[in-house]
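For reference, the structure is listed below as structure tokens.
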Amino acid sequence: MSSEEIIIAVVTAVLVVFSLVVSLVVPKRDPGFPGKRGLVAFGAVVVFLVGGTLATIEIYGAPEEAAAHGGAEGEAPAEGEAPAGEAPAGGETGAPAEGGAEAQGDPAAGKEIFTSAGCGGCHALADAGAAGAVGPSLDEAKPAYDLVVDRVTNGLGAMPAFGGQLSDEDIQNVAAYVVQATAG
């Protein structure tokens, strides 16, 4: 567990414990809580804790998500990734992908898998008519073949691993499709 995950877990735990105590323990001891005098202070504490939790997730969760999907804005792309706004090298099926691996797979079969596996529920990809907003927009990220294979196989951050659910051939097909659909 990374330090960012620990920070998020601790801050979230504080909010959960506060919520449980206020909803289960306090009413038994003081049925009139928070009362008219304490309502403003109670509201301020609630807003502070919820806002603090959301801010913590935004601050400490963003680097992991960005790393999971090709780096944060302003960062140099990792090996095998295209710079933001540029098509990855080897964007066509069968052409060498950046990082030395040759892109393999059938983009037409990959499109079917992309659609049937529910990838569009999280990712935006115009070619598939997908408008998901949980993961990155693949149209904007234009990920390299090797990166797609790695992320679909192993997952990272919010992206689940599909290595146990999809065959290697299916994963290669999805990667070939994503690269082809975002290259142009």
For A130, distant residues with modelled amide H under 5 Å away: L125
Please give the solvent-accessible surface of V25 in Å², to the nearest 10, using a probe radius of 1.4 Å with every protein chain present. 70 Å²
Accessible area, 1.4 Å probe, largest first: how do I59, I6 sort? I59, I6
Residues of type lysines that K111 reaches as a straight line, Cα spacing below 25 Å, ignoring anything fewer than 8 places off in the same chain: K142
Under a point spin-label approximation (7 Å from Cα along Cα-to-Cβ), what is the E58-L156 distance to one decimal in nm? 2.5 nm
How much accessible surface does D170 have with a 1.4 Å probe, in Å² rounded to 10? 50 Å²
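Compute the projected area of the convex hull of the Cα atoms of the stretch 134-183, averaged over all viewing directions, and report it in nm² to one decimal place.
Values: hull surface 12.9 nm².
About 3.2 nm², averaged over all directions.
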Order the following by accessible area, largest value first: K36, K111. Probe radius 1.4 Å; ligands, DNA and RNA are ignored. K36, K111
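Nearest 0.05, what FRET efficiency do K36 and L15 give at R0 = 22 Å with Cβ-Cβ as r? List each step's numbers first, then the result.
Numbers: r = 25 Å, r/R0 = 1.13.
Taking R0 as 22 Å, the efficiency between K36 and L15 is 0.30.
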On average, how much accessible surface per residue is there in the stretch 97-184, in Å², for a 1.4 Å probe, leaving out ligands, DNA and RNA? 47 Å²
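The values are calculated or read from the model by the stated rules, or taken from the named source; none is laboratory data. Every value quoted in this text rests on a predicted model; they were computed, and no experiment measured them. Neighbour counts are summed over all protein chains in view; Cβ atoms, including those assigned to glycine, are modelled from backbone coordinates with ideal geometry. Just so you know, the surface numbers come from the protein's heavy atoms only, side chains and all, with ligands and any DNA or RNA stripped out. Shrake-Rupley method; radii C 1.70, N 1.55, O 1.52, S 1.80 Å.
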